[in-house]
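To start, the structure under review is shown below, and the notes come after it.
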Amino acid sequence: MKKYIIGGIAVLLIGAGGIVGYYTLNDISPEQETTITLATFNLEKLSENDPFQIQNAVKIIRQFDVVAIQEVMNSGNGVSGPNAVKMIEDSLGSEWESIISDEANGTASAASSGALHTFEYYAYLWNTDRIALIPGSDFLWDEEENPDPDLTDQERQFDREPYIASFRSIDGNLDFTIISIHAAAPSKSYRKDEIKRLQRVFDTIQASDPDQNDIYLCGDFNTPVNKTEWDNLKSIVSMDHILTEGNKTTIRKQTGELSSNQYDTFWFQKSASEEDIVLNSGQVLDAWNIDMTLDPDKTPPETVIDADNIRRWHYSRVVSDHLPIIIVLRTNSDTDHFH
């Protein structure tokens, strides 16, 4: 089995028969400038108050060209998470930019109890040498403008309404839209309904410009991809996601082991976007293999012995309990464009 490393991160290639090799950004194409890397990353409770998380997030995000970030925390006065995004942007360098959703959102119970610090923003960060935001394209899903006939309170379509933005590549002719969401927690009875409603979101965004069908739905869905609540989305012609059912995207914080959950992925229509996607490029990053800046005050319990589990235990303390997911796109194969 051949192994490649870029930036200290090894990426597993998973096939139907299990691990088939390792993948890195430099191993995709002999002409690296003709591709861009999209990522989705739940940065657990991202806050300006955690310098270790910010430093390590920078090391990981450098590997990408554009990344959708979930769980940008609201401190109660609306600055803690957004400040952290700005600190990451500044640390990445002058060629990076970011944008944050207009408002933070959360559960109805948190709103009624005044626990606004639990509300979350979304963010996008991108490398302006490779990617440009299409001006005015970012917005939160508007529940009032897109009512669900089964609900009387449209504000309850989602705990955290999806955040949408469109981008184009600097090189080539690629343009595309990303829909990012942090779905309701697994314990919430209405989480399944949120997942079912993503079909309406996807169809609505696509119908807004029939000439542009390159749409990537991503985020932390808190729902394994084999659950029946995905059937609505799967009913869209040629809908697919980038990972196999065996891929694990979260970490058990107590033990440092990979959990059995695949909560994070990208969904897309093969009929619209397959020509743009580099074969086998959709992967989970082994981001715990970066040169992490560790918190000296945090030490794994004696029961955590395995070397990988130790690194993942530290990673879950100084980065996230989620792993970043990537997909790589060609910039010169796109056949549909914004009208």
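The values are calculated or read from the model by the stated rules, or taken from the named source; none is laboratory data. Keep in mind it's a predicted model, so treat the numbers as computed, not measured. Neighbour counts are summed over all protein chains in view; Cβ atoms, including those assigned to glycine, are modelled from backbone coordinates with ideal geometry.
Taking region 246-283, which residues are β-branched (V, I, T) and either closer than 16 Å to I36 by Cα or not in a loop (DSSP other than H, G, I, E, B) (or both)?
T250, I251, T265, I277, V278
Working only within region 81-98, note down all residues that are over 14 Å from S47 (Cα atoms) and not in a strand (DSSP E or B).
Answer for region 81-98, where residues must be over 14 Å from S47 (Cα atoms) and not in a strand (DSSP E or B): D90, S91, L92, G93, S94, E95.
Restricting to region 169-187, name every residue that is more than 20 Å from D276 (Cβ to Cβ) and without any contact (Cβ under 8 Å) to a residue 60 or more places away in the chain.
Once the filter is applied, which keeps residues that are more than 20 Å from D276 (Cβ to Cβ) and without any contact (Cβ under 8 Å) to a residue 60 or more places away in the chain, region 169-187 yields A183, A185, P186, S187.
Among residues belonging to region 207-234 that are surrounded by fewer than 20 Cβ atoms within 10 Å (Cβ to Cβ) and within 14 Å of K270 (Cβ to Cβ), point out the one that is modelled with the lowest pLDDT.
N213
With the checklist (1) at pLDDT below 95; (2) surrounded by 18 or more Cβ atoms within 10 Å (Cβ to Cβ) in hand, flag the one item A287 doesn't pass.
In the conditions (1) at pLDDT below 95; (2) surrounded by 18 or more Cβ atoms within 10 Å (Cβ to Cβ), A287 misses (1) alone.
Listed here are the residues, each with its yes/no results for (1) part of a strand (DSSP E or B); (2) touching a residue at least 24 places away in the same chain (Cβ under 8 Å); (3) within 30 Å of A272 (Cβ to Cβ); (4) of a type in the set (G, A, S).
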| site | (1), (2), (3), (4) |
| --- | --- |
| D291 | no, yes, no, no |
| T299 | no, no, no, no |
| I305 | no, no, no, no |
| R311 | no, yes, no, no |
| S316 | no, yes, no, yes |
| I327 | yes, yes, yes, no |
| D334 | no, yes, yes, no |
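Select from region 254-279 the residues that are of a type outside the set (A, V, I, L, M, F, W, C), farther than 23 Å from L43 by Cα, surrounded by fewer than 22 Cβ atoms within 10 Å (Cβ to Cβ) and over 18 Å from the mean Cα position of the chain (by Cα) and list them in ascending order.
Correct list: K270, S271, E274, E275.
Taking the criterion of being of a type outside the set (G, A, S), over 30 Å from K192 (Cβ atoms), free of Cβ contacts under 8 Å to residues at least 40 places away in the same chain and in contact with a strand residue (DSSP E or B) (Cβ under 7 Å, 6 or more places away or on another chain), would at least one residue in region 130-137 satisfy it?
yes
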